[in-house]
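The values are calculated or read from the model by the stated rules, or taken from the named source; none is laboratory data. Source: prediction; values computed, not measured. Backbone-built Cβ (ideal geometry, glycine too); neighbour counts: all protein chains shown. Remember, those area values only see protein heavy atoms, side chains included, never the ligands or the DNA or RNA. Shrake-Rupley method; radii C 1.70, N 1.55, O 1.52, S 1.80 Å.
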Amino acid sequence: MQTWKLTLEYEGTRYSGWQEQANARTVQGELRRAASEFFGCELDLGGSGRTDAGVHALAQVAHLKVRRRPGDAKVQRHPGEILYGINDRLPADINVLAVEEADPRFHARHSATARSYLYQISTRRSAFAKRFVWWVRDELDVKAMSRVAGVLAGRHDFAAFSERDANRDQSTVVVVGSVDVTTDEHLILFRITASHFLWKMVRRVVGSLVEVGRGKASVDDLTMLLSNPRAKSKVSPARLTAPPSGLFLERITYESGKR
């Protein structure tokens, strides 16, 4: 069995997220169709993590395991040939950036040690970037947002900032390695790296930080929810969920030598 590591970018606007679903157009579904057409055989395809409907990726990682049936001709495929062959069969808003031969044990999700997300908030109306930002009309206190973001680093229970996934039984404790709030002209850029992420966690964190930037919440409000997710607070992360348009899966980290 040949195993390949694929790094890809996509604009998620037209898709119902990464993961394949019945009766819905997804990024994984489009990638499987293109890869199956190219290889002409059974495939095992998985991603490093699920992105929700409308969320984008700058460097999603997928594993592609080619299962050849008895009697199939053994054709050695080169990374460049695979990259161009799959891209020729993909829609314009999905693009494979790199193809690398990988160890047969490589798994895009299980082998990953950390994920990084970027969220873009625009402080002005944009004629071109509407699909890639959240335009917040109110004036925001970026310094206050940055101070509050600092308390997110470390090991915390993010139950208050996530949506329960009935299909997955997982702990709501997440180890956040780094959090950063910076500005670039009219953009406020929020970056977060963690061991893993819960459903809607990043968008609810961003929405809560914007509430702080508006002066309607404080560091104590968010700290309380991290220490006691069921505590009564004037901050309601579910109500404050940021739109998917500004969210990008930015990077997947693997241990050196494990790919």
Check your understanding: Taking the stated definitions as given, is Val174 out of contact with any Pro (no Cβ under 9 Å at 6 or more places or on another chain) and farther than 24 Å from Arg109 by Cα?
Key -> no
Exercise for review: Could you give me the residue pairs with C-beta distances under 6 Å whose first residue belongs to segment 51-65 and is farther than 10 Å from Trp18 by Cα and free of Cβ contacts under 8 Å to residues at least 60 places away in the same chain, whose second residue is open to solvent by less than 10 Å² (accessible area, probe 1.4 Å) and of a type in the set (A, V, I, L, M, F, W, C) wherever it lies, and which are 6+ apart or on separate chains?
Suggested key: Ala62/Leu6; Ala62/Ala108
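Please report, ordered by residue number, the strands (runs of 3 or more DSSP E) entirely within segment 143-259 with at least 2 residues that are closer than 16 Å to Gly49 by Cβ and open to solvent by less than 20 Å² (accessible area, probe 1.4 Å). Walk me through how you get there before you give the answer.
Working: elements: 154-157, 173-184, 187-194, 247-254.
Qualifying strands (runs of 3 or more DSSP E): 173-184, 187-194, 247-254.
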Check your understanding: Among the residues of segment 233-240, is any farther than 23 Å from His107 by Cβ, in contact with a Ser or Thr (Cβ under 9 Å, 6 or more places away or on another chain) and among the β-branched types (Val, Ile, Thr)?
Key -> yes
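Results for (1) touching a strand residue (DSSP E or B) at 6+ places or on another chain (Cβ under 8 Å); (2) of a type outside the set (Asp, Glu); (3) farther than 23 Å from Val202 by Cβ, shown as yes or no for each residue.
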residue	(1), (2), (3)
Gly47	yes, yes, no
Ala53	no, yes, no
Arg67	yes, yes, yes
Ala127	no, yes, yes
Arg131	no, yes, no
Val142	yes, yes, no
Study note, to complete from the structure: Going through segment 25-44 in order, the residues found to be at negative phi, without any contact (Cβ under 8 Å) to a residue 12 or more places away in the chain and out of contact with any Phe, Trp or Tyr (no Cβ under 8 Å at 6 or more places or on another chain) are Gly29, Ser36
